[in-house]
Amino acid sequence: MSTTTPNPEPAPDDVARGLAELELLANATPAAPVVDTTLGETKRVRQLRAEVAEAHLLAQLQEDDTPLLLDTVKVRKRRKQAGEAARLHQLAQDPTMRAWQASRMRRLLVTGAMVALALALAWSTVGVQRFAADGANPWTPTWIIAWLVEPFLSLALMVVVGARAYASANGQPIDSPTLVRIEWLFLALTLSMNAWPHLAVPSFEEFSVSQLMLHMLGPIVTVAIVTALPIILAAFSSLDHGGPTGRGATGGSYRANVDALTARARALIAAGELPEQPSATRIRQALGCGTGPASAVRDALKGDPA
């Protein structure tokens, strides 16, 4: 036979606790229903919300001036060019740089003058050959030898002009009236031999001014170059580049520069970096001076006791 366990009687505390919970449930405020704010939101609303958010972010970023402090590629390129121009200008004021520029320009002018002189003498060769051949038949001995008249005159003239030009370039121009007369003698012979065939014509109708001027062009250019080149080279040799290596040809500054360079050369000789009697080329390379001052230093060192 089964026995049933009777339910225990509730304690007074349990009854009180249950009544309290029932009272709380009766007094509780019902929770508000959850509303989905995205319901009914259109594409225009979402686009406008995104634009507003973007505007707020842009306003915050635009207050930062850091991007304005950075150099762009164009600014850096221009700054580099300005710095390079400033350094080149400063280098151009250096006495050594100015001496190098003068030497380069002098070499260019001498080369151009010699080329023009050679072309002018070659141009006059035709006129001289016509004068020397005197109507001889082509390829006869007289006709062939006539082509050699102008070349040996030109070579003799080039010797005199080259010697005067070299001396002027080294600050010691040759002021010899004899050499000047020799130059003008050669030039006068060349000019007369070019002009005579066009002056000694049987009749005035055969005379041509244009042919005369064309054949006189070579000798005239030769006269101009021979006259101008020594003057130009003497002017270059007297340039003072503003430093101890300046090449002033005359005056106290030039003498002071030579004395200073001579003292430096003696110090190099004492140190064993230069021989006892160095050449002008060795002195120029060691001191970084021009050929004129180097020659003057060489001459000053020749008087030193061995």
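Length available on full extension from Gln47 to Thr140: 0.36 nm per residue minus the Cα-Cα distance, which gives 22.9 nm.
Each residue, Thr227 and Tyr166, gets one label point 7 Å from its Cα in the Cβ direction; the gap between the two is 2.6 nm. If the segment from Ile174 to Met213 were pulled out straight at 0.36 nm per residue, it would be longer than the present Cα-Cα gap by 10.8 nm.
Given 0.36 nm per residue, what is the gain on full extension from Arg107 to Val126 after removing their alpha carbon distance, in nm?
3.9 nm
Overall, segment 252-302 carries a charge dipole of about 80 debye about its Cα centre when +1 sits on the Cβ of Lys and Arg and -1 on the Cβ of Asp and Glu, all other atoms neutral.
Along the Cα→Cβ direction, 7 angstrom out, place labels at Arg181 and Gln62. What is the inter-label distance in nm? Label at Arg181, label at Gln62, 9.4 nm between them.
No value in this document is a laboratory result; all are computed from the given coordinates. Remember, it's a predicted structure, so these values are computed and weren't measured experimentally. Ideal geometry is used to build each Cβ from the backbone, glycine not excepted, and the neighbour counts take in all protein chains shown.
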